[in-house]
Amino acid sequence: MPELKRLHADHAPAVLAFELANRAYFAASVPDRGDDYFDRFADRHDALLAEQEAGACTFYVLVDEDGSVLGRFNLYDAEDGTAQLGYRVAEQAAGRGLATATVAELCRIAAAGHGLHTLRAATSHDNAASRQVLTKAGFVPTGPAGPADLGGKSGTWYRRDLRP
């Protein structure tokens, strides 16, 4: 059974393998990270851990039983009880309900473990799977997301209130 774990230094090789194996798959729906991301992956991973340590962001990985990464789920730009949610799931794990279940789990963690009361997420109009994940996880559309929000694409912002 896959397990959601907070990102740590030891995850670096599995996260890099995940990103490389799914690069073309991700680029079909979100902007490609670019060669520099992969060339400087170790530095970027260390920077994410430093951001997490500072408390502005929290990064999670969905780890399979064999130690491979099936997805990344991030809470970032946390301020005044609100944070943005970002996620990506491996092509091999898509369509199995893992993203929806993990986003729902992260909503519980965000409220109970991070004191957040609201999550926001944006997805492009051409990413039907992400829109479905957000809707099934209790997010509601709140308005348009522009190209600046989504790497050149237009889409929709979603919001979920985490308070009971």
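The values are calculated or read from the model by the stated rules, or taken from the named source; none is laboratory data. Note that this is a predicted model, so its numbers are computed, not measured. In this analysis, Cβ positions are derived from the backbone assuming ideal geometry, glycine residues included, and neighbour counts consider all displayed protein chains.
Per the conditions (1) within 14 Å of the chain's Cα centre (by Cα); (2) over 23 Å from Tyr25 (Cα atoms); (3) not in a helix (DSSP H, G or I), the sole criterion not satisfied by Cys107 is (3). Residues considered: Val69, Val89. Of these, the only one that is of a type in the set (A, V, I, L, M), within 24 Å of Ser154 (Cα to Cα) and modelled with pLDDT of 95 or more is Val89. Total residues in the range 120-164 satisfying the condition of being surrounded by fewer than 16 Cβ atoms within 10 Å (Cβ to Cβ), of a type in the set (S, T, N, Q) and either in a loop (DSSP other than H, G, I, E, B) or at pLDDT below 95 (or both): the figure is 1.
Residues that are small (Gly, Ala, Ser) and either in a loop (DSSP other than H, G, I, E, B) or surrounded by fewer than 15 Cβ atoms within 10 Å (Cβ to Cβ) (or both) within the range 60-101 comprise Gly67, Ser68, Gly81, Ala90, Ala94, Gly95, Gly97, listed in sequence order. For Glu3, the requirement of being in contact (Cβ under 8 Å) with a residue 40 or more places away in the chain and among the acidic types (Asp, Glu) is met.
Looking only at the range 11-55, count how many residues are farther than 24 Å from Ser154 by Cβ and not in a helix (DSSP H, G or I). Count: 2.
Somewhere in the range 33-41, is a residue within 20 Å of Thr102 (Cβ to Cβ), modelled with pLDDT of 95 or more and not basic (Lys, Arg)?
No; the residues of the range 33-41 include none that is within 20 Å of Thr102 (Cβ to Cβ), modelled with pLDDT of 95 or more and not basic (Lys, Arg).
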